[in-house]
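Colleague: Next up is a structure, given as structure tokens.
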Amino acid sequence: VYLLFQGLRQISQRTISTASRRQFENRVHEKQKLFQEDNGIPVHLKGGLRDALLYRLTMGLTVFGTAYVVYELLVASMPKKQK
């Protein structure tokens, strides 16, 4: 039991110590310049191709979902034929 505890403690210390070594470059200033630039592009599309694809996917799903709901409402509003 002691060896198991000792091993778990070493793993947790190793994980914590390696996570603290990672450094990320601060790119906030670059992003602020990009998003504040007055170039006629809506802010939700200024991120580039990924934003454009996500926007189109969202709009497509919204249109499809709306059409499906209208279809289901029409089907539900029609009386079923009696045999």
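Colleague: Condition test on Arg56, is it at pLDDT below 90 and among the basic types (Lys, Arg)?
Modeller: Against the criterion (at pLDDT below 90 and among the basic types (Lys, Arg)), Arg56 does not qualify.
Colleague: What are the residues in the range 19-43 that are of a type in the set (Phe, Trp, Tyr) and surrounded by 10 or more Cβ atoms within 10 Å (Cβ to Cβ), if any?
Modeller: The one that is of a type in the set (Phe, Trp, Tyr) and surrounded by 10 or more Cβ atoms within 10 Å (Cβ to Cβ): Phe35.
Colleague: Let me ask you something else. Applying the selection to the range 44-69, what residues are surrounded by 10 or more Cβ atoms within 10 Å (Cβ to Cβ) and aliphatic (A, V, I, L, M)?
Modeller: Leu45, Ala52, Leu53, Leu54, Leu57, Met59, Leu61, Val63, Ala67, Val69
The values are calculated or read from the model by the stated rules, or taken from the named source; none is laboratory data. Here the structure is a predicted model, which is why all the values come from computation and not from measurement. Here the Cβ is made from the backbone with ideal geometry for all residues, glycine too, and neighbour counts use every protein chain on show.
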